[in-house]
Amino acid sequence: PQTIYRKDYTPPSYWVDTVEMGFDLDPEATHVATRMTLRRNPDSPNRNLVLVGESLRLEQLRMNGKDLSKRQYALGRGTLEIFNPPDNVTLEIETVTHPAMNTSLMGLYVSNGNFFTQCEAEGFRKITYFPDRPDVMAKYTVMLRADKEKYPVLLSNGNLIEQGDIGDGRHYAVWEDPFKKPSYLFALVAGKLVCQEETYTLKSGREVLLQVWVEDGNLDKTQHAMDSLKNSIRWDEERFGLELDLDRFMIVAVSDFNMGAMENKGLNIFNTKFVLANPRIATDTDYAGIESVVGHEYFHNWTGNRVTCRDWFQLSLKEGLTVFRDQEFSADLIGTDSGRAVKRIEDVRVLRQAQFPEDAGPMAHPVRPDSYVEINNFYTVTIYEKGAEVVRMYQTLLGRDGFRKGMDLYFERHDGQAVECDDFRAAMADANGRDLKQFELWYSQAGTPRLKVDTEYDADAQTYAVTLTQSCPPTPGQAEKQPFHIPVAIGLLDARGKDMPLRLEGEQQDEAPATMVLELTEATQTFRFKQVTERPVPSVLRGFSAPVVLDIAYTDDELAFLMANDSDAFNRWEAGQRLAMRRMLALTGAVQNNQALSDAELEEGTLNDAFRAALNDEALDPAFRELALTLPSETVVAEQMDVIDPHAIHAVRRFLRRSLASSLRGDWMVAYQANRTPGTYSPDAIAAGKRALKNLALSYIVENDDADAHHLAQTQYDNANNMTDRIAALTALANSSAPGRADALNSFYEEFEQEALVVDKWFALQAMSRTTDVAAVRALMKHPAFTLKNPNRARSLIFSFCNGNPSQFHAVDGSGYQFWAEQVIALNAINPQVAARLARTLDRWRKYAPALQEKMHAALKKVAATKELSKDVLEVITKSIS
Ligand code: HT7
Ligand code: ZN
């Protein structure tokens, strides 16, 4: 397949001004009539008009009122080229698509008998021939026609301007979107749906209509999405002065969806997972996910829709910025300092767990990639999460006010345009009178920089020198890297654990702050603090001020000291994680040398003491304590090893959890009792934090695997009044030898059989359970509720096992890898996008021991040899093997 390069960008040969579309909706064959007006782009070198289309039957083609003769155009593989058209063109095209057969879930498709669309990134071309690229922006008017009984609801972007009957039991609706938009933001929905609606008054006094559409029977699960939408609208007005520009804003939930949600103008389409919630079916994590995804899609209305991307290489322009905005939204809603820190820790955990490995593997790419084969493969954690870190660094460098000035200038300059990442950077620089040229490297260089810290205290001169040295490992196509512009937030702790006032040599300072942002721009730089009256303990990269790996030599005691005292909550957590990581790596080495692991050794140790102190520190937010007492995940530990040994890592994590379970048993029990949340369920951060700590305590207690622990879990399972507590208890039981284990799993399924999102949880928890091996997963695939066609269900079982149960997946006989290959191949024929995501599971195969590598390689080759591999899967497999 063809590689697309950023350097080859050329402007379109024609602009499209208006698009009128008529849909005759039929699941077997939907007819689409499109009339568009186009105008030659004088800046384009190309004379011909090239439209793209995929899986379409072309029924009619007329230009300026006349049928086109065969000599005037060419229908190629996926293209329709019209030769040398006049400067102004009206094009009429009729196409036919087959929504019921469309299992890719891109373009127009059917889910549970209703019609939905997904057009980002290149799905519009499955509906009609069109210049389907984000820099072509047009105004759309859409008429939907369908059987009235089967499809009573007809929705599209913008405002409803007309509706009525057309005889034969059919009806129609006309929608007009007042804003010009790229084709990827087009949407339609038709079917049997019901909605919760509310009017909402904007700050300006204008009233808007808000709707959340779901299938019948789900109206008891929409309130949280509606509340999240109202909170989002208010937050964007207050924090960024951005108002909703439409009179109506709709959210629609669909159960078959490739990703989380989609920001179509005025008609956001969501995976049900990010809409439906009530205490019976949704966990605290689900509630938080809904809030952040509703926010994310809403915020796209400005960062993505009003100002969009010139081409898909600029994807992070909208995604990185919008993730940053949704992270800030969630943090602001919690409101407290410790709540903000908890949110920051959670976000950084995602980055380390998923993005750091991506940045170190064969699919590594810059935040603004230079090439791709299949754009769907570039909706990655690098584009989203690292992109958000890059945006966050502007705020760290410029301050909140400076960042806001940059945003204001960005909209002033680019509202209604399709632009590049460089335009955002220029707005930030110009609004603040700053030179951010070097900052460009965050967009163009892949890889996670390493930041080494060396310190020297001079007691006589009372100076403290901090030498920062940066490097960045090679990534595909980028052997050498130039130094980044890295903001390094730093504090110095005195012997009592208090922040020392910071004064830098050679700087004119009005005050001496507790935290200072050092700007590292060279490979090595020394920053010298003066009037440092005692040797400090440094707290570096506070709040995780840059997406780097920090290399700093601390003793165990210093880490325990930071964990107990640092005023920066992120670094308190970080110190505990370092301490645990150090222990886990040492023990992993011991396991590999066939040494026995001894409880006694740990019980004496700093880690045990530090954990006990954090667990019992009532002054700390329970949500923070839960994070601090959670050991680094197996994936994060794996990242620290030159050769990954999943079995040793698993054994060590289990051993440490058991040791902490037994040595702190009484303390866990106290925490369990103290953090119960009796009464009516509320998903607020305080209550959710308590439940998180209580359920972590439960999971440790059940590590003891004795009758008392089983009883505790069973009682919680039986009496819980919310899904968070229910699923936590069931997970604990599933990972134990409790006699009630099988009964609990069966009764849970029977109780929630009708709730697809809960059945997903049921599959997922079994897939990730310690005792679930490949054979057990194969057995679960035979369950009547399992299907590969529904992405949520496929993810719940297959992805959860392959990505979330490393010790079983990496079975030494290679059976996990064979299973993986079979599923990638099966999914490839159904849904290439989902298949390609699963294909990523083995992309780091070279990091494993030779015996495992060999078997992984065989599985990769098996997939590579499959006929009719989609370009989605082919790109991932080819890059992994080469
Ligand atoms: N912008 C949206 C991306 C998206 C998507 C991309 C490819 C295939 C299916 C998709 N569904 C949604 C999601 C977002 O970032 O908000
Ligand atoms: Zn997004």
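The values are calculated or read from the model by the stated rules, or taken from the named source; none is laboratory data. Since the structure is predicted, the reported quantities are computational estimates derived from the model, not experimental observations. Cβ sites come from the backbone with ideal geometry, for glycine too, and all protein chains shown count toward neighbours. Only protein heavy atoms, including side chains, enter the accessible area calculation; ligands, DNA and RNA are left aside. Shrake-Rupley method; radii C 1.70, N 1.55, O 1.52, S 1.80 Å.
Do we have any residue at all in region 263-278 that's acidic (Asp, Glu) and under 18 Å from the mean Cα position of the chain (by Cα)?
Looking through region 263-278, at least one residue is acidic (Asp, Glu) and under 18 Å from the mean Cα position of the chain (by Cα).
Of Val208, Val174, Val212, which residue is under 21 Å from Arg145 (Cα atoms) and touching a residue at least 12 places away in the same chain (Cβ under 8 Å)?
Sole residue among the options that is under 21 Å from Arg145 (Cα atoms) and touching a residue at least 12 places away in the same chain (Cβ under 8 Å): Val174.
Are there any strands (runs of 3 or more DSSP E) wholly within region 524-580 with 3 or more residues that are farther than 22 Å from Gln640 by Cβ, and if so which?
Fully inside region 524-580 and qualifying: 524-529.
Yes/no per residue for (1) over 17 Å from Asn565 (Cβ atoms); (2) without any contact (Cβ under 8 Å) to a residue 40 or more places away in the chain; (3) in a strand (DSSP E or B):
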{"position": "Pro487", "(1), (2), (3)": "yes, no, yes"}
{"position": "Gly491", "(1), (2), (3)": "no, no, yes"}
{"position": "Pro501", "(1), (2), (3)": "no, yes, no"}
{"position": "Gly506", "(1), (2), (3)": "yes, yes, no"}
{"position": "Asp510", "(1), (2), (3)": "yes, yes, no"}
{"position": "Ala514", "(1), (2), (3)": "no, no, no"}
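Taking Leu520, is it in the same structural domain as Arg503 (by TED's automatic domain parsing), touching a residue at least 60 places away in the same chain (Cβ under 8 Å), under 16 Å from Ile345 (Cβ atoms) and not hydroxyl-bearing (Ser, Thr, Tyr)?
So Leu520 fails the test.
Quick one: Leu38 ticks every box in (1) part of a strand (DSSP E or B); (2) surrounded by fewer than 16 Cβ atoms within 10 Å (Cβ to Cβ) bar one, so which box is it?
(2)
Quickly run through region 607-625 and pick out the residues that are open to solvent by less than 40 Å² (accessible area, probe 1.4 Å) and in a helix (DSSP H, G or I).
Leu607, Asn608, Ala610, Phe611, Ala614, Leu615, Pro622, Ala623, Phe624, Arg625
Filter region 155-173 down to the residues that are touching a Lys or Arg at 6+ places or on another chain (Cβ under 8 Å) and either open to solvent by 30 Å² or more (accessible area, probe 1.4 Å) or in a strand (DSSP E or B) (or both) and list them by number.
Asn159, Leu160, Asp165, Ile166, Gly169, Arg170, His171, Tyr172
Modelled with pLDDT of 95 or more and open to solvent by 50 Å² or more (accessible area, probe 1.4 Å): which single residue out of Arg392, Arg450 fits that description?
Arg450
Looking at region 324-352, which of the residues that are of a type in the set (Asp, Glu) and over 14 Å from the mean Cα position of the chain (by Cα) is surrounded by the most Cβ atoms within 10 Å (Cβ to Cβ)?
Checking each candidate, the answer is Glu328.
Please specify each residue of region 115-154 satisfying the condition of being open to solvent by 20 Å² or more (accessible area, probe 1.4 Å) and part of a loop (DSSP other than H, G, I, E, B).
Within region 115-154, Glu122, Arg133, Lys148, Glu149, Lys150, Pro152 qualify.
Which condition number does Val350 fail, the rest of (1) closer than 28 Å to Glu412 by Cβ; (2) of a type in the set (A, V, I, L, M); (3) within 16 Å of ligand 2 (Cβ to nearest atom) being met?
Tallying (1) closer than 28 Å to Glu412 by Cβ; (2) of a type in the set (A, V, I, L, M); (3) within 16 Å of ligand 2 (Cβ to nearest atom), Val350 fails exactly one: (1).
Can you name every residue in region 291-304 that is open to solvent by 10 Å² or more (accessible area, probe 1.4 Å) and in a loop (DSSP other than H, G, I, E, B)?
Passing the criteria: only Trp302.
Give me the residue from region 245-265 that is within 29 Å of Gln395 (Cβ to Cβ) and out of contact with any strand residue (DSSP E or B) (no Cβ under 6 Å at 6 or more places or on another chain) and, out of that set, nearest to ligand 2 (Cβ to nearest atom).
Among them, the one singled out is Glu263.
Report yes if Val637 is open to solvent by less than 60 Å² (accessible area, probe 1.4 Å) and farther than 30 Å from Asn722 by Cβ, otherwise no.
yes
One line per residue, one yes/no per condition, for (1) open to solvent by less than 50 Å² (accessible area, probe 1.4 Å); (2) modelled with pLDDT under 95; (3) not assigned by TED's automatic domain parsing to the domain that holds Val537:
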{"residue": "Asp435", "(1), (2), (3)": "no, no, yes"}
{"residue": "Tyr457", "(1), (2), (3)": "yes, no, no"}
{"residue": "Pro473", "(1), (2), (3)": "yes, no, no"}
{"residue": "Gln478", "(1), (2), (3)": "yes, no, no"}
{"residue": "Pro501", "(1), (2), (3)": "no, no, no"}
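Restricting the search to region 353-364, which residues are buried (at least 21 other Cβ atoms within 10 Å of the Cβ) and either within 13 Å of the chain's Cα centre (by Cα) or at positive phi (or both)?
Result: Gln355, single match.
Mind counting the residues in region 665-717 that are closer than 27 Å to Arg340 by Cβ and open to solvent by 60 Å² or more (accessible area, probe 1.4 Å)?
Qualifying residue count for the region: 5.
Out of Lys221, Lys265, report the one residue that is closer than 30 Å to Thr680 by Cα, surrounded by 21 or more Cβ atoms within 10 Å (Cβ to Cβ) and of a type in the set (Lys, Arg).
So the residue among Lys221, Lys265 that is closer than 30 Å to Thr680 by Cα, surrounded by 21 or more Cβ atoms within 10 Å (Cβ to Cβ) and of a type in the set (Lys, Arg) is Lys221.
Considering each residue of region 27-43, count those that are touching a strand residue (DSSP E or B) at 6+ places or on another chain (Cβ under 8 Å) and closer than 23 Å to Asp87 by Cβ, and give that number.
Qualifying residue count, region 27-43: 8.
Residues that are open to solvent by less than 50 Å² (accessible area, probe 1.4 Å), within 16 Å of ligand 2 (Cβ to nearest atom) and within 30 Å of Val110 (Cα to Cα): list the helices (runs of 4 or more DSSP H) wholly contained in region 801-882 that include at least 1 such residues.
Counting at least 1 such residues, we get 832-839.
Kindly evaluate Gln355 against the criterion of being within 16 Å of ligand 2 (Cβ to nearest atom) and either in a loop (DSSP other than H, G, I, E, B) or within 27 Å of Val873 (Cβ to Cβ) (or both).
Judged against the criteria, Gln355 is a match.
Among the listed residues Tyr184, Tyr140, Tyr172, identify the single one that is at pLDDT 95 or above and under 27 Å from the mean Cα position of the chain (by Cα).
None of the others qualify; the one that does is Tyr184.
Starting from region 120-142, take each residue that is among the hydrophobic types (A, V, I, L, M, F, W, C) and list its partners that are open to solvent by 20 Å² or more (accessible area, probe 1.4 Å), counting only C-beta distances under 7 angstrom and pairs at least six apart or across chains.
Partner pairs satisfying both residue conditions: Ala121/Asn376; Phe130/Val52; Val136/Trp15; Met137/Lys180; Met137/Ala418; Ala138/Asp17; Ala138/Thr18; Ala138/Lys180.
Need the failing condition index for Pro85 against (1) touching a helix residue (DSSP H, G or I) at 6+ places or on another chain (Cβ under 9 Å); (2) under 30 Å from Ala835 (Cβ atoms); (3) of a type outside the set (A, V, I, L, M, F, W, C), just the number.
(2)
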